[in-house]
Each structure stands twice: as structure tokens, then as C-alpha cells.
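Everything on this sheet refers to the single structure shown next.
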Protein chains: 2
Amino acid sequence: MAERKVTSLDVAALAGVSQSAVSRVFTPGASVSKKMAARVRDAANELGYRPNVLARSLITGRSRIIGLVVAYLENPFYPDALERFSTVLQGEGYHILVFMTSGAGEGVDRVIEELMDYQVDGIITASVGMSDDLASRCSAAGIPVVLFNRGQADDRLAQVTSDNIRGGRRIAEFLVAGGHKRIAHVAGWQGSSTGRDRKDGFLAGLDAAGVMPVSVVEGEYSREVAAEATRALWAEHKPDAIFVGNDHMAFGVIDVLRHELGLSVPGDVSVVGYDDVPMAGWAAYDLTTLRQPSGQMVARTVEMLLERIGSPDVAARKEMIEGDLILRGSARVPEGWT
Amino acid sequence: MAERKVTSLDVAALAGVSQSAVSRVFTPGASVSKKMAARVRDAANELGYRPNVLARSLITGRSRIIGLVVAYLENPFYPDALERFSTVLQGEGYHILVFMTSGAGEGVDRVIEELMDYQVDGIITASVGMSDDLASRCSAAGIPVVLFNRGQADDRLAQVTSDNIRGGRRIAEFLVAGGHKRIAHVAGWQGSSTGRDRKDGFLAGLDAAGVMPVSVVEGEYSREVAAEATRALWAEHKPDAIFVGNDHMAFGVIDVLRHELGLSVPGDVSVVGYDDVPMAGWAAYDLTTLRQPSGQMVARTVEMLLERIGSPDVAARKEMIEGDLILRGSARVPEGWT
DNA sequence: GAGTGAATTGCACAGGTATGCAAAAAGGCG
DNA sequence: CGCCTTTTTGCATACCTGTGCAATTCACTC
């Protein structure tokens, strides 16, 4: 029942040529005559032969596999990015081996070791960091790593983020210009660079305008935690504007404000998010938010990764992509705001 | 700069034993003495050795890679399933190679051929079918395939779905019992079994109650198409209830009804979806919907796949998982409905 | 047709691991 | 200690392909 796998030797035998000839026909840029190519292709088609990528990578040293580590797909920003990564990389002849890691720290390192067992050509981590020890092991093994939407000081790690500090600052300016007096922040996870940078930028922006926030609480990038924080926030401070650390939490915040507390957004409270996930444009939320241009971020990440796969001595770069504030209906727009 | 990869031979040399000994230490169930194991492990740790999965799979014939083909991640049902798949399979020592295929037909086959080049141990297709020709090639190559959330007549293909016909029928009964008189259906893509089955079950249920639908239109599982269909539907038929082929479209339908047409859901129109994605429970939509128990479906899919990887002669089964109607606030609930 | 250079082909080996088989070591028993 | 059984170890090979090298063929020119 279980048929034997058809190998290049079988094709060679049928076509009456050597195995190397078959290999060359399937290796772009190798030296083969038209006649030979035709004969081999005919034989290959007849037998249904396709080169074994694993055996090939054993000898070339490249697997054409990219490892992608991602913590959670609940926030729609990441499925969106995953879909883009997969499409772009497929176009370049690479494929994605996905590793989920619940939680940060410990688990991430174990998962990346498993990844290296597969001889991946490169690693992309979405919203996760890694230990210094592991970073140096990757670098020693010649496996380039790019952090997507996450910053880390280590020089061996490349990274692509948006300018989160500037984004946070811009949102502060926007809310202040809108005449809000009681401004609060439901921050992203403070264990992440994005969460810290957005908060720092936001507070710096408020400070520059001489405004003190009424409250800053942690939302941990979790919808539930953010929702709970919102209840407490309202009970205690009655803010008239909330900057939420990402869209995913912002939806939870809006739901609590509208449907539990019976408030109007933006009538009673303005809400601003961060990311501009597709859902932010849906009428139910119509969320004003700072866009992270995920298409550009993905494209740049892949470029950097492939460049370093091609020439391993290229230094790891850290890049920021600029994003705009997208004005929608969840926050009062200052008059004359451009 | 680029250090040489450390192999089992290096470890063997350092430990003063043969390469086969090293191999046996890293092969569960092989015959090794405690002393030998200890010496080898010490040497391996010192050099940072880990077995090369690709070389291993070349000889064992198993790659411990599962190919996952998925059409689009926009519908949150699929990221959710992907996350579950990855977690469950990681627990079993497998990993997922992801392939996106935009659109159906042509592209799917090409993608699955690429997948087979990686010598995957099994294939899961989420919301995608495949050609008969390719199905027989997979079966000939001994690669088990399980269709997730998609049915196809082919006997060589296993599949896991929910009981979509029964689900559709149940929704019909629910809407009729609710006293709705002008019932419409925005159907899922009719090229898919789920789209057809839900529609057929729904129409059969209406028919059994002696009710004619005022309109049945195609939504193609696209938010935009469904939204457009809703505008036309309202203009022409003014339905008082709409069954939408999945939750993802239902959100678009509700947005149009509420925010473009100024209608009340469920006051003017009841809306029922299908899937029960996490978002369906969010207050903004609070969607009544038929749950597809994705945890169970994923678990069953993996079980079937692993079983067939273990013993290739097991016949492909077709399974249905039952799901409940989840009552929420987007549709009028009949009095005394259980 | 001989001679030249270029293009094509085959040979042999390498890449890192698992495993059957035979040899060696260890253990048990009288 | 000698014999036999069981366990452990090493040797050699196979898995499937890509590629350097040498041999062969081809295409031209004089």
C-alpha cells in the first residue's frame, strides 16, 4: 500500500542518465542542455518526482524555512501580520514554521532551541523577546533574528517597530488639543518595549503641555485586564479621555464604557487606540487610533532578514516605521486639527 | 565568524565514543548504559550539541512536521484554530509549516505540492478543499490528510466538521419560533460544503415549518460582500430576521443595519450567526450564534491525523461535532425556548 | 578533417543521522 | 574460574541530493 518514495535515482534510471543530471535539471542556474532537460522532465513527470527539500538542505546548508515565534493570536494585529509574512515569504521561496509560546521568558528560549533543531535559515519573533544567552547562540550558529514589533537592546538582534514614543506623544498632543481635562492611560504590558515606549511618549507629551494624567493603569495587552481597569478607572477618576495601549484592549474599554457604564463614546469619554487593526474601521467601534503600517513593517522585516541570510556579516539594524494618527469617531477632534 | 555546526561526530570525539553511541543517547528507547549516557550528555552540553532534525528525518522517513493550509486569517475562527493546533501539536512533538493560499482551486494544489516537498508527516487543510488528483497523490505517498471545517466526498480524505445541516435547521426553528415573518439568509460561499450545508439545513428547517424565506443571497464569507448584500436586501425585502452564514459576515451585517440603515438589532431585525468566535461574546455585537466547538474540533482533527500517521492503513473517517445554539442579544428569543 | 575552446555530462563524495549486525563487555550461575 | 545469556558498543551502510573535478561531447574555425 505504502509506495516507495520516488527519488532522483529512479528518474535517472528511467531517463537513462546519471543522477547528477537529474539534480542539475532541478537546480536553477546549473549547466544542462535543452535535450537533457526535456528528457529528465518527461521522466520526472511520469513518475511524479519532486526533489526532497530536506535532503537538499542537508547538503546546501539552507532549509528555506523561517521560524516564526508568536505569543498569541488573539490580538488581530498578529494574524494579519502572519498572513502577510507567509505570503511575502512564499513569494521568495521560503516557508514558515510556526511556534506558539504562551507567556514570555522561559518558554521562548525552549521554543527557539526547538526551532534551531530544524535548521531554520532565520527567525522572526513577533511580540516576544529572547534571552541574551540565546541571542548569542543564534548569532554563533549564524542564524539571523529579527524582532517584529518589539525592541531589545542587544546588538545582535535586528528589529522593526513603529516609532512608539513619537506615537504616544502625538496622541497626547491630540487629546490635549481636543480640550480634554481628565486624561487617563490604560497602558500596554510594561514588560514589553512597545508598552513602555507608548506610555513614556504619552506622558512626555502630556508633560510638555503641562498636563498631568488623572491615572495610568496597566492593561497587560489583555482585553479582560483592560476592561477591569476601566471599571476601576471610572469609579475613581471619571476621565474624559483614555489612551489605550493597543486597539485590542481599546475595544474592551469601549464595550465597558458604553454597555456597562452607559456612557457615550466620544460624548462622555474619548478613546484612542494603537495599531489600526482592520476592526478599528468597523462601524461598531470606529476607533481613532495610531496606525502601525503592518504591510510596511512586514516588508521591511523580510527584507532585513533575507539580506542577512544572504550575507551573514551585515550588522543587525534597528528600524522604525512611521505611522499616522487615523481620525475616526471614537475621540473628539480638535478644531482645525490637520 | 560563522562557526561550524557541531555534529554528533564532534560530540563522539570529545566523549571518546562512537557516533552511533551519541545517536543512541538522543534516541528514546535505544540501548545505552547509564555511564555512557552521562558522558555523552556532558560532552553534548559542553559543545551545545542538538540533533539535526532534518538529517534525522532523512533516515527515519518522518519529519515531525505537519503542513497546515489555510485560505485566510481574516475570519477570527481560523487564528483561534491555528493557535490551538500549534499548541496541541507542539505537545505531541510536532510542528506546523503554514501555507497560505489566496482563493481556492488552482492555488491549493500548487501549495500542497510544495508542502509534500518538505516531506511533511501529515496535512491539515482549514477551509480548503483539494483536487481528486492531488488527493490520490497524497494517499499514494502515504501522507494522511484531514480537512478541517470542510467536507469533501473523496474517501481518501478524512474530515472534521460540525453538523452544519442540523445547525442550519436549528436556526430556522429558532427564528420561526421567535415569530419572525420575513426571514432572509446571507449565505456562506456556495463553493464550500459548510456554506451549502448551512443553507440547505436552514431552508429545510423553514420548509418544515411551512415558511418561505423572503430572500437568500450569497455572502461568499466576505464581510464586504455580505455588507453590500445587506443593503440590497433591506432596500428590496425589509426582512425581520437574517441568518448569516458565519459570525465574521454577521458583524458586517449588523454594522450596516445599525449604523447605515439606522435600524435596531434585534428590535427591527434579528441576526443570527454561525461559529461563535470570541468576538461574538463582546458587548458591541452580543451575537446569537451557533457554536462550532473549535477546541473539540481541533483535538479530534489532531487525534485522527496522528492515528493515521501511526498506522497508515486506518481508513479515513468523516466526523461531525455537535454544537449548541448560543443565545445572546442579537435575536429575539421565543418565549419558553430552552 | 584537424584543432581549439566552450558546453555538457558522469563519477565520486559529502552532508548528519539512525540502525542491522557482529563483536565486545557485562552479568549470572554452578 | 568457566560457561552461557543478556546487554552494550562499534562498524559500516543507507537516506537523497548537490557539486567539484575530470572526461566527454559539441560547435566552430581554418
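We did not get these values from a lab; they are worked out from the coordinates using the rules stated. What you see is a predicted model; the values in this text were computed from it and never measured. Positions of Cβ are backbone-derived with ideal geometry, glycine not excepted, and every protein chain shown enters the neighbour counts.
Worth a mention:
- With 0.36 nm allotted per residue and the present C-alpha distance subtracted, the B:Ser311-B:Leu9 stretch has 105.4 nm of extension available.
- Rounded D (µm²/s) - region A:126-197, Kirkwood Rh over Cα pairs, Stokes-Einstein at 25 °C, 0.890 mPa s: 173 µm²/s
- Neighbouring partner chain Cβ atoms per residue of A:92-101, average, 10 Å criterion: 5
- The protein assembly as shown: calculated mean residue ellipticity at 222 nm from DSSP helix runs of at least 4, using -39500 (n - 2.57): -13500 deg cm²/dmol
- Under the convention that each Lys and Arg Cβ holds +1 and each Asp and Glu Cβ holds -1, the size of the dipole of region A:8-51 around its Cα centre is about 200 debye.
- P(r) weight above 33 Å for the protein assembly as shown, C-alpha pairs, percent: 55 percent
- The fraction of all Cα pairs in chain A landing in successive 20 Å bins from 0 to the largest distance is 28, 43, 21, 8, 0, given as whole percents.
- Using R0 = 30 Å, the C-beta based FRET efficiency linking A:Thr338 and A:Glu303 works out to 0.45.
- For region B:261-268, the Karplus equation 6.51 cos²θ - 1.76 cosθ + 1.60, evaluated at θ = phi - 60°, returns couplings of 9, x, 9, 9, 10, x, x, 8 Hz by residue, with Gly and Pro reported as x.
- Teacher prompt: A:Arg182 distances to equivalent labels in other copies, 7 Å Cα→Cβ, nm: 4.5
- Region B:8-51: equivalent-ellipsoid semi-axes (sqrt of 5 x gyration tensor eigenvalues, Cα, Å): 14, 10, 9
- Dipole axis of the protein assembly as shown (+1 Lys, Arg; -1 Asp, Glu on Cβ), positive-most option in B:Val186, A:Leu306, B:Phe174: A:Leu306
- Placed amide H near B:Ser215: partners under 5 Å, 5+ positions off or other chain: B:His185
- Base-10 log of normalised Debye intensity for region A:193-235 (one unit scatterer per alpha-carbon) at q = 0.23, 0.24 Å⁻¹: -0.87, -0.90
- Virtual paramagnetic centre 7 Å along Cα→Cβ of A:Ala204, amide N under 20 Å, in region A:210-243: A:210-214, A:216-217, A:243
- Electrostatic dipole magnitude of chain B [Cβ: Lys, Arg +1; Asp, Glu -1; Cα centre; debye, to 20]: 1220 debye
- DSSP beta bridge pairing in the protein assembly as shown, given as percent antiparallel to the nearest 5: 10 percent
- Formal net charge of residues neighbouring B:Met130 (Cβ-Cβ distance under 14 Å; K, R +1; D, E -1): -4
- Between region B:198-276 and region A:1-77, the alpha-carbon center distance in angstrom: 48 Å
- Shielding value for B:63-71 is 2, the average number of Cβ atoms from other chains within 10 Å of each residue's Cβ.
- For the residues A:Arg41, A:Arg166, A:Arg328, a GNM of chain A with alpha-carbon springs under 10 Å puts the largest fluctuation on A:Arg41.
- Burial ranking of peptide ranges A:308-320, B:266-278, B:106-118 (average Cβ count within 10 Å, highest at the top): B:266-278, B:106-118, A:308-320
- What the phi angles of region B:329-338 give under the Karplus curve with 6.51, -1.76 and 1.60, with θ = phi - 60°, is a coupling list of x, 8, 9, 4, 9, x, 5, x, 5, 8 Hz, glycine and proline written as x.
- Taking the Cα centre of the protein assembly as shown as reference, the dipole from Cβ charges on Lys and Arg (+1) and Asp and Glu (-1) amounts to some 1620 debye.
- Mean partner shielding of peptide A:52-58, defined as the number of other chain Cβ atoms within 10 Å of each residue Cβ, is 6.
- Between the helical axis of B:294-310 and the longest alpha-carbon principal axis of chain B there is an angle of about 40 degrees.
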